[in-house]
Amino acid sequence: MFVDDPDPRLHPLPHRLDRRRFLQASAMGAAALMLPGCGGPQAPDGSRINYWHHFTNQTEIRGLQRVTEMFLAAHPDIDLLQENIPNKDFMAKFTAAVQAQSVPDTTMVTSERLGNMHAMNSLVDLTDRVDNWPMRPDYPEDRWQGISIDDKIYGVPAFAFVDWMYYRLDWLEEAGIAGPPTTLEEFQDTAIRLTDPAKGRYGFGMRAGDGGQFIVVDMLEAFGSPIVVDGKAAIDISKATEALRFFSELFTVHKVVPPSAPNDSYRQIMESFRTGQTGMLWHGTGSLTEVQRSLSAQQFGTAVKPAGPEGVITRLSYLYNGMMKADNADIAWAWVSFWGETAPAVEFMEITGYFPASARVAQDERVTGNPYFAAAVESVRIGRLPHQFVGADAWGRLTVLPAFQKILTGDRTPVQAAEEMAAGLEKILS
């Protein structure tokens with residue numbers, strides 16, 4: 001799952017927009033949403049709520065803009081103040097706000113951050129509201145696993161993060177390759193065959209910069225190493241080493257990824273694929289509309305990620321919206337639950353490509369009739385939820401990713417990196 005997508009550096013400053021300014025900005029296009037410090041007329045406290053989110057790219061902002069327009073049209077007496085926080089800074093600001101007792105009314109919540117947020121006693125229990133929500137039957141039980149602790153629900157699903165693979169259909173045809181790789185062995189061979197330095201082509205766009213930690217953890221599991229079992233660190237050093245060696249050698253030995261890979265995050269890997277520098281990319285449905293703006297149906301396809309020795313490891317997770325205050329609870333619930341209604345869910349999907357969380361929307365002909373979404377439907381069926389132990393986010397960012405980057409730069413061997421990851425995990429869990 002690529003929770004920090006896209007590159008948070010695109011928006012170094014938070015912004016706030018009230019209802020009137022938001023509607024004015026809508027007329028000027030999505031770019032206007034990036035302006036920090038927008039002010040507006042004050043509304044009575046009882047009709048004003050605020051929302052923290054970490055959307056950052058233009059497509060996401062356009063989706064947010066449309067959902068907000070729809071919400072404000074249905075609730076004209078509400079002022080909705082929105083603050084965009086770079087994803088890499090989100091938990092730091094969240095923690096500071098809890099400590100200062102200055103939290104927003106509503107906030108985005110991701111599964112791997114739920115444990116930390118819950119440990120701070122910062123989220124409002126929404127179980128009763130969810131159980132009495134008319135849309136509840138549209139959401140199967142697995143949709144609530146990533147936002148539940150001790151049978152209590154702390155958010156409402158907005159959309160799904162579904163991992164999949166993009167590939168250059170035309171490149172495969174040129175190379176005489178029948179179809180996308182289904183195993184990591186085939187994937188490596190395909191990447192080698194697609195790489196052509198003379199043409200500036202690389203077989204794979206490796207994300208080893210910000211956000212790459214999720215892919216590394218998936219590789220460990222694809223090679224058979226567990227991560228946490230019964231609340232205890234359970235990394236198998238031998239299998240983890242094998243995984244790290246295979247993945248890093250795409251860069252260090254086979255040279256099938258761009259030289260910039262150790263620093264490449266969302267924006268870099270996406271631009272490389274869209275502009276014809278790389279032939280395969282692991283990402284998710286949320287970037288589909290961006291890819292479609294650059295490549296035609298004859299140029300690219302989507303597929304389930306290739307299987308490792310222990311099977312396919314593909315992440316399925318949900319972006320949730322939760323509440324942090326009991327003040328103005330009914331208004332806050334109106335905003336949080338609105339994301340789960342059919343009309344805004346469909347609009348957001350069509351703008352962004354993010355797969356719907358609602359089972360009803362997933363059966364819409366705009367999903368079932370879209371050939372690209374066939375890979376997403378299969379990935380939803382087999383996908384794994386992200387790890388939710390307390391400290392999961394920090395372990396990935398501060399231990400897993402740096403250790404893997406050091407393999408690429410020659411400062412660690414795969415076994416040293418595996419041991420570093422295991423030690424860091426034990427420390428987090430203790």
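The values are calculated or read from the model by the stated rules, or taken from the named source; none is laboratory data. It should be emphasised that the depicted structure is a prediction, and the values quoted were computed from it without experimental measurement. Neighbour counts run over all protein chains shown; Cβ positions are idealised from the backbone, glycine included.
Of these, 184, 172, which one is of a type outside the set (Ser, Thr, Tyr), surrounded by fewer than 22 Cβ atoms within 10 Å (Cβ to Cβ), closer than 25 Å to residue 268 by Cα and in contact with a Ser or Thr (Cβ under 9 Å, 6 or more places away or on another chain)?
On the way: 184 fails: in contact with a Ser or Thr (Cβ under 9 Å, 6 or more places away or on another chain).
After applying the criteria, what remains is 172.
To keep it simple, each residue is scored yes or no on (1) at pLDDT 95 or above; (2) of a type outside the set (Asp, Glu); (3) within 30 Å of residue 119 (Cβ to Cβ).
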residue	(1), (2), (3)
305	yes, yes, no
312	no, yes, no
315	no, yes, yes
332	yes, yes, yes
341	no, no, no
351	no, yes, no
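Among the residues of segment 58-66, is there at least one that is assigned to a helix (DSSP H, G or I) and at pLDDT below 65?
We begin by selecting, within segment 58-66, every residue assigned to a helix (DSSP H, G or I); these are 58-66.
Add one more test, that the residue is at pLDDT below 65, and what stays is none.
Within segment 58-66, none of the residues are assigned to a helix (DSSP H, G or I) and at pLDDT below 65.
Quick one: residue 108 ticks every box in (1) farther than 30 Å from residue 272 by Cα; (2) in contact (Cβ under 8 Å) with a residue 40 or more places away in the chain; (3) not in a helix (DSSP H, G or I) bar one, so which box is it?
Against the list (1) farther than 30 Å from residue 272 by Cα; (2) in contact (Cβ under 8 Å) with a residue 40 or more places away in the chain; (3) not in a helix (DSSP H, G or I), residue 108 comes up short only on (1).
What is the residue count in segment 289-314 for residues that are outside any helix (DSSP H, G or I), among the acidic types (Asp, Glu) and under 20 Å from the mean Cα position of the chain (by Cα)?
First, the residues of segment 289-314 that are outside any helix (DSSP H, G or I): 295-314.
Now drop any that are not among the acidic types (Asp, Glu), which leaves 310.
Next, only the ones that are under 20 Å from the mean Cα position of the chain (by Cα) stay: none.
Final tally of qualifying residues: 0.
Can you give me the ranges of the helices (runs of 4 or more DSSP H) entirely in segment 170-287 with at least 2 residues that are in contact with a helix residue (DSSP H, G or I) (Cβ under 9 Å, 6 or more places away or on another chain) and closer than 18 Å to residue 396 by Cα? Can you show your working first?
Values: elements: 184-194, 213-222, 237-252, 266-274.
Because the criterion is at least 2 residues that are in contact with a helix residue (DSSP H, G or I) (Cβ under 9 Å, 6 or more places away or on another chain) and closer than 18 Å to residue 396 by Cα, the helices (runs of 4 or more DSSP H) in segment 170-287 that meet it are 213-222, 237-252.
Return the residues of segment 119-142 that are surrounded by fewer than 19 Cβ atoms within 10 Å (Cβ to Cβ) and under 20 Å from the mean Cα position of the chain (by Cα); say none if nothing qualifies.
If the condition is that a residue be surrounded by fewer than 19 Cβ atoms within 10 Å (Cβ to Cβ) and under 20 Å from the mean Cα position of the chain (by Cα), then 142 is the only one that fits.
What's the number of the condition residue 98 fails, among (1) farther than 24 Å from residue 359 by Cα; (2) touching a residue at least 40 places away in the same chain (Cβ under 8 Å); (3) in contact with a Ser or Thr (Cβ under 7 Å, 6 or more places away or on another chain); (4) of a type in the set (Val, Ile, Thr)?
Status for residue 98: all satisfied but (2).
Would you mind stating whether residue 334 is part of a helix (DSSP H, G or I) and in contact with a His (Cβ under 7 Å, 6 or more places away or on another chain)?
Numbers: part of a helix (DSSP H, G or I): yes; in contact with a His (Cβ under 7 Å, 6 or more places away or on another chain): yes.
Yes: the conditions hold for residue 334.
Taking the criterion of being at negative phi, assigned to a loop (DSSP other than H, G, I, E, B) and in contact (Cβ under 8 Å) with a residue 60 or more places away in the chain, would at least one residue in segment 413-427 satisfy it? Lay out the reasoning, then the answer.
Initial filter on segment 413-427 (at negative phi): 413-427.
Pick out the ones that are also assigned to a loop (DSSP other than H, G, I, E, B) and you get 413.
Checking which are in contact (Cβ under 8 Å) with a residue 60 or more places away in the chain leaves us with none.
Within segment 413-427 (the criterion being at negative phi, assigned to a loop (DSSP other than H, G, I, E, B) and in contact (Cβ under 8 Å) with a residue 60 or more places away in the chain), the answer is no, since none of the residues qualifies.
Provide a single number: the residues in segment 65-95 that are without any contact (Cβ under 8 Å) to a residue 60 or more places away in the chain and not charged (D, E, K, R).
Taking segment 65-95 first, the residues without any contact (Cβ under 8 Å) to a residue 60 or more places away in the chain are 65, 68-69, 72-73, 76-77, 90, 92-95.
Next, only the ones that are not charged (D, E, K, R) stay: 65, 68, 72-73, 76, 90, 92, 94-95.
Selection size over segment 65-95: 9.
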